[in-house]
């Protein structure tokens, strides 16, 4: 707990608008990706064909969409940022692995890799000073 408090103090002392804009853009990208998966569910199910034989493979397919939608919205507002990012990291690792082991689409690989790196950054950095988390913390 002390580590998280020290990370929050460090992040709040160095909170710049550009980092908030990047956090909001990351949330928008995740939300849009969730909407794309809703519109083209066949694409998502094709990506997960190797996991169909695994127990819970269909459950994973149905968890990706709400995780992207809800996680994207939470990141946009800066609410529960670290929790939203923790949920996204395994999905993004899977996206990178699917792009590497399956059909290689370089634009998807670059998008998944950059998104993964940004989520890891926000796992440590937090939501920053211009977020709902910071506002709620200051209200106490």
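Restricting attention to the range 117-127, and to residues there that are in contact (Cβ under 8 Å) with a residue 40 or more places away in the chain and within 11 Å of the chain's Cα centre (by Cα), which single residue is surrounded by the fewest Cβ atoms within 10 Å (Cβ to Cβ)?
123
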* To do: State the number of residues belonging to the range 91-106 that are more than 17 Å from residue 34 (Cα to Cα) and surrounded by fewer than 17 Cβ atoms within 10 Å (Cβ to Cβ).
  => 8
* Taking the residues in the range 50-66 that are out of contact with any helix residue (DSSP H, G or I) (no Cβ under 9 Å at 6 or more places or on another chain) and part of a helix (DSSP H, G or I) as candidates, determine which candidate is modelled with the highest pLDDT. => 62
* **Among (1) over 13 Å from the mean Cα position of the chain (by Cα); (2) modelled with pLDDT of 85 or more; (3) closer than 19 Å to residue 19 by Cβ; (4) surrounded by 14 or more Cβ atoms within 10 Å (Cβ to Cβ), the one test that residue 130 misses** => (2)
* Hey, among 4, 38, 18, which residue is in a helix (DSSP H, G or I), modelled with pLDDT under 70 and more than 12 Å from residue 76 (Cα to Cα)? -> 4
* To do: Please indicate, with yes or no, whether at least one residue in the range 67-77 is under 20 Å from the mean Cα position of the chain (by Cα), at pLDDT below 90 and farther than 23 Å from residue 129 by Cβ.
  => no
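For (1) within 10 Å of the chain's Cα centre (by Cα); (2) within 23 Å of residue 21 (Cα to Cα), each residue gets a yes or a no:
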{"site": "37", "(1), (2)": "no, no"}
{"site": "44", "(1), (2)": "no, no"}
{"site": "80", "(1), (2)": "no, yes"}
{"site": "83", "(1), (2)": "yes, yes"}
{"site": "100", "(1), (2)": "no, no"}
{"site": "111", "(1), (2)": "no, yes"}
{"site": "115", "(1), (2)": "yes, yes"}
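The values are calculated or read from the model by the stated rules, or taken from the named source; none is laboratory data. Treat the numbers as computed from the prediction; the structure is a model and nothing was measured. Cβ coordinates were reconstructed from backbone atoms using ideal geometry, including for glycine residues, and neighbour counts include every protein chain displayed.
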